[in-house]
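Written out below as C-alpha cells is the structure these notes cover.
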Amino acid sequence: MSLLGGVRPPIAVLSALLVALAAVTALGLGRVGHDRIPEAVLTSQQQFAEDGAIAMRASVDESVTDLHRAAGLFSSGAPVPADAVLDKVGSVYQKWRGTAVIEIGSGKLLAARGENLPLATIDRGKLSEKGGLGPRMVRLANGETRLLSFALLSWDGRPQQLLVASRSLRVPGISLGRFRTIAVLDSTGAILSRGGSRESEQDLDDPQRKAAKRADGQLRAFARTAAEKARQHPLKAREPGSGGFPGVSGSLTGGASNGERAAAGYATLAPAQPGESTVAGGLGLTVVTMVDVAEDPSRGADPLFGVAAAGALLAVGAAVVALLLGLVQRPLLRLFLESRRLAGGDRQRPVSVPAYGEAARVGHALERLRRQLLGAPQGTSGPATPWRLRRIGARGLTAACAVLLLAWSAPLALSLNHADAKTVIPQQIVNDQRERTDTLADRVRRALDEGHTDLVSVASLIGDRTSPEQMATVLERTLQEHPRYASLYLLGADGKVLARAGGTPHHPAGKAPGTRAVTVLNEGGKEPVVAGYAEVPGRKGAAVAGEFRVDFFNSLLKRPGLGEVRVVDDKRRTLGGNTGYRAFEKLPSERIDTLVQGTGARAGASLRPGALLDRDGSNVQIAAAAPFNGGGVAKSLNWTVVSWKPAEGLAIPEYTVQNHTVLAGLLGLTAAAACLGWLHIVVARPLRTLAAQAEALADGDRRTVLYPRHHDEVGAVVRSLELIRQELQEQRKRDSAPLAGRN
C-alpha cells in the first residue's frame, strides 16, 4: 500500500486534526482575557518607553554633534576670545545648562557660563587617548547627574583649549499626561533623573504621600528589573520575528492598589539602525515609564464557550469519522478482500455486497463475474445494480461530511464572538495615542527648530568678506554633518544664489529671501519642499537657506503602534506621513478633519492635543491630533500631527477572543478541505472509475486492459479485476475450441 494513498491515511489525519483542534479551541478560547491588564496596554507602555529612548538618544547625539561642529567652525577661522565663543554658542544653542572654556595645558579657566561645572573631574592628561573626548556622566554635589561633552578649540600659535558643555539627563519633548512617571537609569539601575506626576510630594496630604511613597518604591523596583533586562543582547531579548526597535525593550507589571495596577515600559538608548554606533548608545542608559492602569476583572472570555465549541466539534467529528469508516473505508476494504478471493480461485461463496454507493456497484459486478467464472451464461449472470444505489456514492458522502464540518466552522469564522461597536476600549490606550502623537509633534517641531538653529550658526560664520569658495566649503561641510537637508545655499538680497551644496534650489529665482524662518515652497506640486532661512549678518538682506528632505520628516513619523500618521498644515493638507500619501491631499474622514480643526483652537495660553474614539458601525477607530506647541520658529507654521488606527488590531480581550474564534473556524475549514479533498482525490474519484470498469467487465467487455493507477485498496481491486478478465478470456477460448474442432 502507498504511504500517503489509500483510504486510511486521510481519515486518520482528519481524526487527529479534529481532536487537536478541539483541544486548541477549549484551551485557547477559555484562557483569553483573564489578565487584569490587557496586552495592548502593556505593549503601549513599551512603545511609550521606546519613544522616550529615541528622543533621548537623538537629543544627546545632536548635542554632542552641535558642540563639535561649533568648535570646528570656530577653529577654522581667526582666533576668538573664550568669552566670545561662549556668548556665540549660548545665543545660537539654548540646550546646555552650563558651558566653559579651559586651557588644556595649564587647566586655567578662561570663561564660563551657566551653572558651575565640575571641571576638577576632568583628567586633562587622558584627553588625547582614544575616546578621551567622549561624553561622560558626573554627579554634582546636590546629587543630580550631568552629562559633560567636550570639543577642542585649536588655533595656530595658541595653546589648545577645551570647550565643555553640560546638560541634564532628562528625556526631552515627551508628553507624559497627568499620571505618568518617566526616569532615566544607568547600567546599575540607579535613577539618574525622573519626571512626571510623582516627581514632587509638596502640598500632599497623608494618603497622597503614602501613594507617592508606594509609587516611588514601585519605580525603583521597575528600575532594578529593567536594568537587569537591559543587559541582554537585543537579538536575544526580542521575540522571534518582532523586529522594530533595535534596542532592548519590554513591559513590566507591578503591584495593585485601590483597583489600579502599575504598568511600566523600558527601552535602552539604541542607535537608529541595528549595527550602528552612537555616542548616546555607549552610555548604558535606559528609559523607564510607569503609569497606574485601572484593572477590569470582569473582562475576559467565557471558558464554557471554548468547552462547548470543542465538545460540538468532537461530536461533529465523531459523526464524520463514523460515516467515513462505515460507508467508505469498511466497504472498500471488504471489496479488496472479496476481489482478491475471487482472483485467487475461491468462488463457491457468494460475494458480500456493500449496501450503497460505488462499493455496491463494484460488489454487484464482482458477484456477476463470480457466476460467469463458474460457467453461468453472460446474459443470465444476475440482476443489475439498482439505480438507487448509484446515486449515493463516496463523492456525495464526502460532500455531506464537508457540510457537517462547515456547519461547525462557518459560524466561528463569520459570526460567533465577533466584537461590535460597543466593544470597550481601555481609556489608557486612547490616552497613550494622544500623548504619543503629541510627543511625535514635538519631535518634528524640534527637528525643524534644530535645523533652523544650524542655519543660524552657519549664517553667523559667513561674513561680508567670505569668498564664494569658502561659503561653499562651509555649506558642504554642514550638508555632510546633517543629513536632514536636501540642499543648502546662500541667497543674495536680489534672490541670486551665491553658493550652494546639494540639490537644485526650489527658491523662486529673483525673489528675495523669505521673511519667515521656516516656510513651505512648491505648494501644489508633487512634493512639498520645507525650507528654512537665516539672515547673514552684515550682508544686506542675504540669507542662508536650507531645504529639508521629505524622507527626513517621514522617518521621524515611523513609530510602531500609532497606525497611520500624517503631518498637515494650517489648511489640513498633508505634507508628510509614515505610509503612502499624496502631497497636499485632504485627511481621509470628516471626523479626523474636525478633530484636527478642534485641536487648533486655542485653550488658554497653549494648544492641547486631542483624541477621539470613532465608532462607525462595527468599525472602531482611535484617532489623535497634536498641534505644534512650545517655543521655536516652527510653532508659527501652525502644523498638526494626526494619527489614527483601527481598534480591531489591538490585543484587548474582545478582539483577541474574536481573532482566536475566527482562527479556530478557519483551521476547521482548512482541515476539512485538506483531508476531504485528499479523500476525494485518492478514493472517491478512483472508486467511481473502478465501478464503471467493473460493470463494463461484467457486461462482457473483455478487451479493455485494466491497470492500477495507485498502490492502494482501489488499485488492488483493479489488479484482481484484471486477473479475472484474463481468466474469463482464457475460459472463452477454451469454450470456443471444441466448437471449432467439430466444425
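The values are calculated or read from the model by the stated rules, or taken from the named source; none is laboratory data. Remember, predicted model here, so these are calculated numbers, not experimental data. Every residue, glycine among them, receives a Cβ derived from its backbone with ideal geometry; neighbour counts consider all protein chains shown. Accessible surface is based on the protein model in full, side chains and every heavy atom, while ligands, DNA and RNA are left aside. Shrake-Rupley method; radii C 1.70, N 1.55, O 1.52, S 1.80 Å.
A few comments on the model shown:
- Tabulated pairs, the stretch 671-689, first closer than 17 Å to F336 by Cα, second of a type in the set (G, A, S), C-beta under 6 angstrom, 6+ apart or interchain: V682/G5; A684/A394; L687/A394
Per-residue answers, yes or no, for (1) under 11 Å from V164 (Cα atoms); (2) of a type in the set (K, R); (3) without any contact (Cβ under 8 Å) to a residue 12 or more places away in the chain:
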residue	(1), (2), (3)
S59	no, no, no
E62	no, no, no
L67	yes, no, no
V85	no, no, no
G90	no, no, no
Q94	no, no, yes
A100	yes, no, no
P118	yes, no, no
R124	no, yes, no
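- Here K95 fulfils each of the conditions (1) modelled with pLDDT of 85 or more; (2) part of a loop (DSSP other than H, G, I, E, B) apart from (1).
- The stretch 212-229 residues that are modelled with pLDDT under 90, paired with ones that are surrounded by fewer than 16 Cβ atoms within 10 Å (Cβ to Cβ) and charged (D, E, K, R) (beta carbon under 7 Å, 6 or more apart): A212/E201
- Members of the stretch 122-156 found to be open to solvent by less than 40 Å² (accessible area, probe 1.4 Å) and of a type in the set (S, T, N, Q), listed by number: T145, S149
- Taken over the stretch 678-692, residues that are under 30 Å from A410 (Cβ atoms), surrounded by 14 or more Cβ atoms within 10 Å (Cβ to Cβ) and either touching a strand residue (DSSP E or B) at 6+ places or on another chain (Cβ under 7 Å) or not charged (D, E, K, R) (or both) amount to 8.
- Looking across the stretch 540-562, the residues that are in contact (Cβ under 8 Å) with a residue 12 or more places away in the chain and either open to solvent by 50 Å² or more (accessible area, probe 1.4 Å) or in contact with a Ser or Thr (Cβ under 6 Å, 6 or more places away or on another chain) (or both) come down to K540, E547, R549, K558, P560, L562.
- Selection status of A611, open to solvent by less than 30 Å² (accessible area, probe 1.4 Å) and in contact with a strand residue (DSSP E or B) (Cβ under 6 Å, 6 or more places away or on another chain): no
- Residue in the stretch 644-652 that is within 24 Å of K95 (Cα to Cα) and in a strand (DSSP E or B) present: no
- The stretch 418-435: number of residues that are assigned to a helix (DSSP H, G or I), touching a Leu at 6+ places or on another chain (Cβ under 8 Å) and over 17 Å from P560 (Cβ atoms): 1
- Tally of residues being open to solvent by less than 30 Å² (accessible area, probe 1.4 Å), among the hydrophobic types (A, V, I, L, M, F, W, C) and closer than 30 Å to V92 by Cα across the stretch 623-643: 6
- The residues of the stretch 418-443 that are more than 30 Å from A55 (Cβ to Cβ), open to solvent by 40 Å² or more (accessible area, probe 1.4 Å) and either touching a Lys or Arg at 6+ places or on another chain (Cβ under 9 Å) or not acidic (D, E) (or both), listed by number, are H418, K422, V424.
- Condition broken by K88, with the remaining ones in (1) at pLDDT below 85; (2) within 30 Å of V430 (Cα to Cα) satisfied: (2)
- Checklist (1) at pLDDT 90 or above; (2) open to solvent by 50 Å² or more (accessible area, probe 1.4 Å); (3) small (G, A, S) applied to S415, failing item: (1)
- The strands (runs of 3 or more DSSP E) found entirely in the stretch 488-588 that carry 2 or more residues being within 30 Å of A49 (Cβ to Cβ) and of a type in the set (G, A, S) are 574-577.
- Considering the stretch 86-100, the residues that are within 24 Å of L479 (Cβ to Cβ) and of a type outside the set (S, T, N, Q) include one that is surrounded by the fewest Cβ atoms within 10 Å (Cβ to Cβ), namely K95.
- Check on V530, among the β-branched types (V, I, T), open to solvent by less than 50 Å² (accessible area, probe 1.4 Å) and more than 32 Å from the chain's Cα centre (by Cα): no
- L455 vs. criteria out of contact with any Lys or Arg (no Cβ under 6 Å at 6 or more places or on another chain), buried (at least 21 other Cβ atoms within 10 Å of the Cβ), under 30 Å from G532 (Cβ atoms) and modelled with pLDDT of 85 or more: yes
- With respect to the stated conditions, L332 is in contact (Cβ under 8 Å) with a residue 40 or more places away in the chain and surrounded by 23 or more Cβ atoms within 10 Å (Cβ to Cβ).
- Annotation: of all residues in the stretch 157-174 being open to solvent by 30 Å² or more (accessible area, probe 1.4 Å) and more than 29 Å from the chain's Cα centre (by Cα), the one that is farthest from Q433 (Cα to Cα) is G157.
- Single residue of T423, T437 found to be under 26 Å from the mean Cα position of the chain (by Cα) and at pLDDT 90 or above: T437
- Conditions (1) open to solvent by less than 50 Å² (accessible area, probe 1.4 Å); (2) within 26 Å of T473 (Cβ to Cβ); (3) modelled with pLDDT of 85 or more; number of the one not met by G514: (3)
- Subset of the stretch 36-68 [among the β-branched types (V, I, T) and open to solvent by 30 Å² or more (accessible area, probe 1.4 Å)]: T43, T65
- Residue selected from the stretch 693-714 under the condition assigned to a helix (DSSP H, G or I) and without any contact (Cβ under 8 Å) to a residue 60 or more places away in the chain, by the criterion most open to solvent (accessible area, probe 1.4 Å): Q693
- One residue from A71, A112 being of a type outside the set (D, E, K, R), open to solvent by less than 50 Å² (accessible area, probe 1.4 Å), modelled with pLDDT of 85 or more and not in a loop (DSSP other than H, G, I, E, B): A71
- Filter result for S589 (of a type in the set (S, T, Y), open to solvent by less than 30 Å² (accessible area, probe 1.4 Å) and under 26 Å from the mean Cα position of the chain (by Cα)): no
- Of all residues in the stretch 175-198, those that are modelled with pLDDT under 80 and either over 30 Å from A624 (Cβ atoms) or exposed (fewer than 15 other Cβ atoms within 10 Å of the Cβ) (or both) total 1.
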